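Notes for the one structure printed next.
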Amino acid sequence: MSASSLFRRVRPGSGSDEMFAADGSVRDTYAALHDALAGLGPEEFRARSESLAHSYLDQGITFDYAGEERPFPIDAIPRVIAAEEWARVSQGVSQRVRALEHFLDDLYTDQRAIADGVIPSELVTSSTYVVDAMRGYRPPNGVRIHISGIDLVRDGSGEFRVLEDNVRTPSGVSYVLSNRRAMAQTFPELFAPRPVRRVGEYSGRLLGALQAAAPDTAGEEPTVVVLTPGRYNSAYFEHSLLARTMGVDLVEADDLVERGERIYMRTTAGLRRVDVIYKRTDDDFIDPEVFRPDSVLGVPGLVRAILAGNVVVSNAIGNGIGDDKLTYTYVPDLIRYYLGQEPILPNVDTWRLEEPDSLAEVLDRLDELVVKPVDGSGGKGIVIGPAASREELDALRDRLLTDPRGWIAQPVVQLSTIPTLVDEGPEERHVDLRPFALNSGDDVWVLPGGLTRVALPRGEMVVNSSRGGGSKDTWVLATERAAAPVAGSSRQRSGTSAAGEERIEDPLDEDYDGFEDLPEDAAEQTGREPDPVTSAIPLLDDEDLDESERPDGAPAPGAAPVPGAAPATEGAPGADGTSATAAEKEEDADAQPDR
């Protein structure tokens, strides 16, 4: 073990710790960071860590824990991933996203994979996530998964494995961006010993992917908006951050209206056509004409506008089947079928309980396994056999016998650990990783880093914030070639490198702010201030629309307002008495990074 007093409480034991090997030596990937942290000393490190936590509280970066808004815990010891290992992770995530894109397209159109016996038809017919209204629909650029979050864990051998896929509304990227900015401001000197790849370009890349998804706008700039359930939603910080850093409008359902199978945004200057909606609302609430009629979080007529080809919603409605944990078990086969490749990142070994032999084996070993609901999120419903009581296991047995399709089982994966600051000092704590990928149709780009979630209670294996977890800044080291400064320029500020793609952080640059400027062409397109959006103004009649914005087939001038247009209800209770946050049900994952 290192002589540093800062890490004296870390006990790597089995060798699953990412900073320390089993013999106590510091792994090469962490050597520079370890020395820099040790040089601070325990008192200085703790003082700065407290400053880091206060900065999150001051910014209102919170999450919902047991019904209470709390500052999201960020640990000051970053996770470090070597360039070579990240290259494999990035390729594996990209491969998985492309296979899931093929699967969703096939599912809603030809269903070749079912005909060829790759997946059983029961996988689709028994899923509650398939949206019949979307059958036959293909987005303009073919992309349904614009944003994805693929959850990874390290197994006992140190290999990254996929734990689950998130292709509905994966959340948590705001913490990736905020963690980096806060760490750069609080611990700028830690970045000096090794070049760390930038994450601040995410918003520009996201905007580019959303603009690429737009329907034909006859040469006009596509209008992109972020649709939020409202400021009382637990993920509102993320919604507003992404809208602000993309330079687009943040809207609620009452800010949008359908006219003539087109979607318009109500602004103080009149109606403005909307081409792409980045939704942060669950499918069940997105359009009361198709889904829940009591929803006040959706836009009546939105699905009709999508099917008419006049607006794109990201991620696509109906993607939930891709999140289904039973679908997850077939993804390696889907990669082989659609891409003709072997999976780069393996799944965690999984039992499908709808198969009689698997169900019998799992029932015989309930006290050894982890059992998960296929539609669960945020760690909800998970039963960890070795930690469960006899009463809990008996109740679980009854649920599995009643609904085997609703569950999967996996072995207990001993997650890797990283030293994490607790009351007594840094101790080892379990972590997972959520890389985020953006699909523009031409390329799947994986953000270099991702959200590392850490289980703060000792021995806890569930890292979700709903179980008291926190996060770490995730550092992907640049290759040696990319680390070399570009002749005649500051590699740190420009972010350019000899490799061209690997942009490097430099918090010591006086102009550094943590967020990268939008790409030049995107910056020009978003140079205007977002339109002032309001739910207070009335719908305008056609005579108030510019000729270019008047929807085909819209009511004649002087016609009555569209029936069913909802009043302003930002953050108000839904028709069933639940709050906007509670009404999202599955979108607890959007309310906090728990998917």
- Out of Ser240, Ser203, sole residue that is hydroxyl-bearing (Ser, Thr, Tyr) and within 25 Å of Glu502 (Cα to Cα): Ser203
- Residue count for the range 135-148, restricted to those that are over 30 Å from Ser55 (Cα atoms) and crowded, with 21+ Cβ neighbours inside 10 Å: 4
- Task: For Arg198, state whether it is open to solvent by 10 Å² or more (accessible area, probe 1.4 Å) and either more than 26 Å from Ala99 (Cα to Cα) or basic (Lys, Arg) (or both).
- Result: no
- Would you point out which residue out of Gln185, Gln211 is within 25 Å of Ala83 (Cα to Cα) and touching a residue at least 60 places away in the same chain (Cβ under 8 Å)? Gln185
- Message: Going residue by residue through the range 217-236, is there one that turns out to be of a type in the set (Lys, Arg) and within 24 Å of Asn439 (Cα to Cα)?
- Response: no
- Test for Tyr337: is it assigned to a helix (DSSP H, G or I) and either in contact with a strand residue (DSSP E or B) (Cβ under 8 Å, 6 or more places away or on another chain) or among the small types (Gly, Ala, Ser) (or both): no
- Query: Considering the range 375-431 alone, what residues qualify as being out of contact with any strand residue (DSSP E or B) (no Cβ under 9 Å at 6 or more places or on another chain) and of a type in the set (Val, Ile, Thr)?
  - Reply: Thr402
- Where residues in the range 1-11 are modelled with pLDDT of 75 or more and either in contact with a Cys (Cβ under 7 Å, 6 or more places away or on another chain) or not hydroxyl-bearing (Ser, Thr, Tyr) (or both), which of them is farthest from Ala76 (Cα to Cα)? Arg11
- Message: Please determine whether any residue of the range 79-101 is within 30 Å of Leu190 (Cβ to Cβ), assigned to a strand (DSSP E or B), open to solvent by less than 20 Å² (accessible area, probe 1.4 Å) and at pLDDT below 95.
- Response: no
- Among the strands (runs of 3 or more DSSP E) lying completely within the range 411-456, list those that include at least 1 residues that are over 30 Å from Pro215 (Cβ atoms) and either touching a Cys at 6+ places or on another chain (Cβ under 9 Å) or not hydrophobic (A, V, I, L, M, F, W, C) (or both). 417-422, 425-434, 451-454
- Query: Just to be sure, is Val225 under 29 Å from Asn179 (Cα atoms) and aliphatic (A, V, I, L, M)?
  - Reply: yes
- Taking only the range 289-299 into account, find how many residues are in contact with a Pro (Cβ under 6 Å, 6 or more places away or on another chain) and either open to solvent by 40 Å² or more (accessible area, probe 1.4 Å) or under 12 Å from Arg262 (Cβ atoms) (or both). 1
- Message: Checking the structure you have, find out if any residue of the range 228-246 is of a type outside the set (A, V, I, L, M), farther than 23 Å from Ala212 by Cα and assigned to a strand (DSSP E or B).
- Response: no
- Task: For Arg280, state whether it is at pLDDT below 95 and among the basic types (Lys, Arg).
- Result: no
- Can you find a residue in the range 149-156 that is of a type in the set (D, E, K, R), under 19 Å from the mean Cα position of the chain (by Cα), open to solvent by 40 Å² or more (accessible area, probe 1.4 Å) and within 20 Å of Thr329 (Cβ to Cβ)? no
- Check on Ala218, more than 19 Å from Gly469 (Cβ to Cβ) and in contact (Cβ under 8 Å) with a residue 60 or more places away in the chain: no
- Scope the range 157-174; condition open to solvent by 10 Å² or more (accessible area, probe 1.4 Å) and among the hydroxyl-bearing types (Ser, Thr, Tyr); matching residues: Ser157
- Message: Residues to consider are Asp254, Asp294, Asp283; find the one that is among the charged types (D, E, K, R) and within 23 Å of the chain's Cα centre (by Cα).
- Response: Asp283
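Considering only the range 205-223, state which residues are open to solvent by 10 Å² or more (accessible area, probe 1.4 Å) and modelled with pLDDT of 95 or more. Show your work before the answer.
From the range 205-223, those open to solvent by 10 Å² or more (accessible area, probe 1.4 Å) are 205, 208, 211-212, 214-222; that's our starting set.
Scanning the range 205-223 gives Arg205, Gly208, Gln211, Ala212, Ala214, Pro215, Pro222.
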- Residues located in the range 346-405, provided they are of a type in the set (Val, Ile, Thr) and within 25 Å of Arg336 (Cβ to Cβ): Val348, Thr350, Val374
- Item | Residue list for the range 457-482, restricted to those being at pLDDT 80 or above and either farther than 27 Å from Pro193 by Cβ or under 20 Å from the mean Cα position of the chain (by Cα) (or both) | Arg458, Gly470, Ser471, Lys472, Asp473, Thr474, Trp475, Val476
- Query: Within the range 179-195, how many residues are under 17 Å from Glu50 (Cβ atoms), in contact with a helix residue (DSSP H, G or I) (Cβ under 8 Å, 6 or more places away or on another chain) and open to solvent by less than 10 Å² (accessible area, probe 1.4 Å)?
  - Reply: 4
- Query: Quick one: how many residues across the range 297-331 are within 19 Å of the chain's Cα centre (by Cα) and part of a loop (DSSP other than H, G, I, E, B)?
  - Reply: 6
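The values are calculated or read from the model by the stated rules, or taken from the named source; none is laboratory data. Values in this document were obtained by computation on a predicted structure and should not be read as measured data. Glycine also receives a Cβ, built like all others from the backbone with ideal geometry; neighbour counts cover every protein chain displayed. To get the accessible areas, we keep the full protein, side chains included, count just its heavy atoms, and leave off ligands, DNA and RNA. Shrake-Rupley method; radii C 1.70, N 1.55, O 1.52, S 1.80 Å.
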